[in-house]
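Okay, structure first, notes after.
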Amino acid sequence: MSRQSLLDLLHQRIGLDAASLGERVLDDAFAESRAMLGVADDEALYGKALTQPQAFAEIVERFVVPESWFFRAGDQYADLVRYASERRERRPLRLLSLPCASGEEAYSAVIALIESGIPAGDVDVLGIDVSQLAIERARAGAYRNNALRGQQMPDIWLHPRVGGFTIDEGIRQRARFRVGNALDPALFDPSEQFDVVFCRNLLIYLHPLARAKLLKSLLAALAPGGLLLAGQAETLNAFSDQLQPYQGGCPLSYIRESAPAPEIANKTPVTMWPPMSQSMPTVKSPPAAAEKNSAPVAEPSPQALADAGRLEEARTACERQLARHPEDIETLFLLGLIQSARGDLAAADEAFSRVCYLDRNHIPAMERRIPLAERQGRAELAEDLRRRCQRLRKRLEKSS
């Protein structure tokens, strides 16, 4: 009961949907929290969480998912640069990164904009995260080499150090960071408004009411005509007609229409995370609706194109399918295989990572990520993935 009571407290205070993490991740988070706070059981842990704000903050650190890297989902940074060039009247360009994790997203945005020719003084980025540890790392601006995921960045913005690098001071001056709970009604000052909002891979960890509450807050803080960049499997225009796809942009980039924000909470919640299962789920691609009064046109499936060795066509077909159904796990996994065959390791890892976000039990995707991580020099990630696969296989064996 104390375990569930703590999960209920996290549900209430930070909007956590515990099912999105999976039982094994929860077990590890509880064990780490007990060890950190020096308590013997979940009852004592819940007591500290309920009565001691600092203890609750320490517990939250163990339940958040801080994974991020520089220029993750690079297409969205291209959308950011194009938007900034189209809206030259928006200077300084005010950006929000929520959650900002350790600052990789915020600094990537600054670098992308300055590299595009925008003066540094016209860039103002605010990063907010519920994790105090993440904010401290963001302010320090020091990272291991695996934060680049094998990408090359202009040397002018990086300063090597043992095992990694630090971000140039000129970049760090354009980003500021603070601790904040995304569900806090006082998260933003009334005077704060943003032209661009990055809110990626947070909504998938929140329960439906928390998602609606956060989106309402973000829409209120996003200036009319502003750009909102979402994460994998987060189809935001399903929540509000006020968010429309950014024309010519990637499928998860949206423009806020000028109309006043509607009451999002009254709309039917959209499930962004498939139910956790004890065995490997098979997810079928949603059927495409046939146009009225016209015969359906038979097109080769992405799988058929891949099997025929037509990799470029198969990749395009996968991306077309994912533009309609970003949560289609089978197509995401196939895209990862295609990108691997094409030799685009970064794109392959991105696809397999998206599969793992949607289904944390997807062993084949984890196994594909292991050699990719090793080839990119990310030994720690490879070992972590290997351990996760082993734990999942043991769990599946016990349940069979």
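The values are calculated or read from the model by the stated rules, or taken from the named source; none is laboratory data. These figures come from a predicted structure and were not determined experimentally. Heads up, the Cβs are rebuilt from the backbone with ideal geometry, glycines too, and the neighbour counts pull from every protein chain shown. Just so you know, the surface numbers come from the protein's heavy atoms only, side chains and all, with ligands and any DNA or RNA stripped out. Shrake-Rupley method; radii C 1.70, N 1.55, O 1.52, S 1.80 Å.
Tabulated results
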| item | result |
| --- | --- |
| In the stretch 6-47, the residues that are assigned to a loop (DSSP other than H, G, I, E, B) and either free of Cβ contacts under 8 Å to residues at least 40 places away in the same chain or not charged (D, E, K, R) (or both) | G15, L21, G22, G38, V39, A40, D41 |
| Selection count where residues are in contact with an Asp or Glu (Cβ under 9 Å, 6 or more places away or on another chain) and at pLDDT below 95, scope the stretch 72-91 | 6 |
| Hits in the stretch 363-381 (condition: in a loop (DSSP other than H, G, I, E, B) and more than 13 Å from E350 (Cβ to Cβ)) | G377, R378 |
| So L358, is it within 19 Å of R72 (Cα to Cα), under 24 Å from the mean Cα position of the chain (by Cα), open to solvent by less than 10 Å² (accessible area, probe 1.4 Å) and touching a residue at least 60 places away in the same chain (Cβ under 8 Å) | yes |
| Which listed residue is assigned to a helix (DSSP H, G or I) and at pLDDT 90 or above, from L335, L322 | L335 |
| Test for R94: is it closer than 25 Å to D184 by Cβ and surrounded by fewer than 23 Cβ atoms within 10 Å (Cβ to Cβ) | yes |
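Conditions tested, residue by residue: (1) touching an Asp or Glu at 6+ places or on another chain (Cβ under 6 Å); (2) closer than 21 Å to D184 by Cβ; (3) crowded, with 18+ Cβ neighbours inside 10 Å.
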position: L10; (1), (2), (3): no, yes, yes
position: Y46; (1), (2), (3): no, no, yes
position: L50; (1), (2), (3): no, yes, no
position: F70; (1), (2), (3): yes, no, yes
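Conditions tested, residue by residue: (1) at negative phi; (2) open to solvent by 20 Å² or more (accessible area, probe 1.4 Å); (3) not aliphatic (A, V, I, L, M).
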position: L133; (1), (2), (3): yes, yes, no
position: Y143; (1), (2), (3): yes, no, yes
position: W157; (1), (2), (3): yes, yes, yes
position: F194; (1), (2), (3): yes, no, yes
